[in-house]
Amino acid sequence: MNWIPLTTPEQLEEIRIKSKEKTQAIFKHSIRCSISSMALSRLERSETVDSIDFYYLDLITYRSISAKVTELFDVHHESPQILLIRNGKCVFDESHYGITMEDIIANSN
């Protein structure tokens with residue numbers, strides 16, 4: 001999996017713009033949470049797809065960016081959480097044990 005680190009608030013506008021051409025995924029991960037580590041591991045062991053850009057957000061280090069994600073894409077904060085952004089809006093979000101690559105792919109179009 002080729003994660004794009006999400007480390008600046010400016011990247012959120014880039015994600016919105018890029019989502020008009022290609023689905024963007026944001027994985028919100030807490031390094032202190034075993035469920036989050038399990039979800040990350042499951043994603044990394046899955047076959048990746050070129051039709052989605054995958055962003056990795058470290059919630060501990062970039063808490064303020066996580067808050068902006070919640071506000072900008074009008075979603076309730078969860079950890080771990082996957083968001084799919086298409087045409088500038090969150091079209092799918094899932095958390096905890098519900099995060100699977102199969103669901104990500106199924107909801108990416």
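Out of all DSSP beta bridges with both ends in the chain, state the antiparallel percent to the nearest 5.
Roughly 55 percent of the DSSP beta bridges within the chain come out antiparallel.
Determine, from the Cβ-Cβ distance of residue 47 and residue 14 and an R0 of 25 Å, the FRET efficiency 1/(1 + (r/R0)^6), rounded to the nearest 0.05.
0.45
So how far apart, in nm, are the two label points at residue 96 and residue 31 if each is 7 Å from Cα heading toward Cβ?
The two pseudo-label positions are separated by 2.5 nm.
Which whole-number percentage describes the relative contact order of the chain, with Cα contacts under 8 Å and a sequence gap of 6 or more?
36 percent
Could you give me the ³J(HN,Hα) list for region 27-40, computed from phi with Karplus coefficients 6.51, -1.76, 1.60 and θ = phi - 60°, whole Hz, x at Gly and Pro?
Karplus-based 3J(HN,Hα) across region 27-40 equals 9, 8, 10, 10, 5, 8, 10, 5, 5, 4, 5, 5, 4, 4 Hz.
Applying the Karplus parametrisation 6.51 cos²θ - 1.76 cosθ + 1.60 with θ = phi - 60° to the phi angles of region 65-77, what ³J(HN,Hα) value in whole Hz is obtained for each residue in order, glycine and proline being reported as x?
5, 4, 5, 5, 4, 4, 6, 5, 9, 6, 10, 6, 5
Please give the length that would be gained between residue 4 and residue 61 if that part of the chain were fully extended, namely 0.36 nm times their separation in residues minus their C-alpha to C-alpha distance (nm, one decimal).
19.0 nm
Charges at C-beta only: +1 for Lys and Arg, -1 for Asp and Glu. How large is the resulting dipole of the chain about its Cα centre, in Debye rounded to 20?
140 debye
Stretched out fully, how many nm does the piece from residue 76 to residue 109 gain, at 0.36 nm a residue minus the Cα gap?
That pair, residue 76 and residue 109, stretches by 9.7 nm at full extension.
Calculated from DSSP H runs of 4 or more alone, at -39500 (n - 2.57) each and per residue, what is the 222 nm mean residue ellipticity of the chain, nearest 500?
Calculated at 222 nm, the ellipticity per residue is -9500 deg cm²/dmol.
Give me the net charge for the shell around residue 98: Cβ to Cβ below 15 angstrom, other residues only, Lys and Arg +1, Asp and Glu -1.
Once all neighbours under 15 Å are counted, the net charge is -3.
Hey, fewest Cβ within 10 Å first, where do 82, 35 land in order?
Taking fewest neighbouring Cβ atoms as first place, the list is 35, 82.
Laboratory data are not the source of any read-out in this text; all were calculated from the coordinates shown. These numbers were taken from a predicted model, which means no experiment stands behind them. All Cβ positions, even for glycine, are placed from backbone atoms using ideal geometry, and neighbour counts span all protein chains on display.
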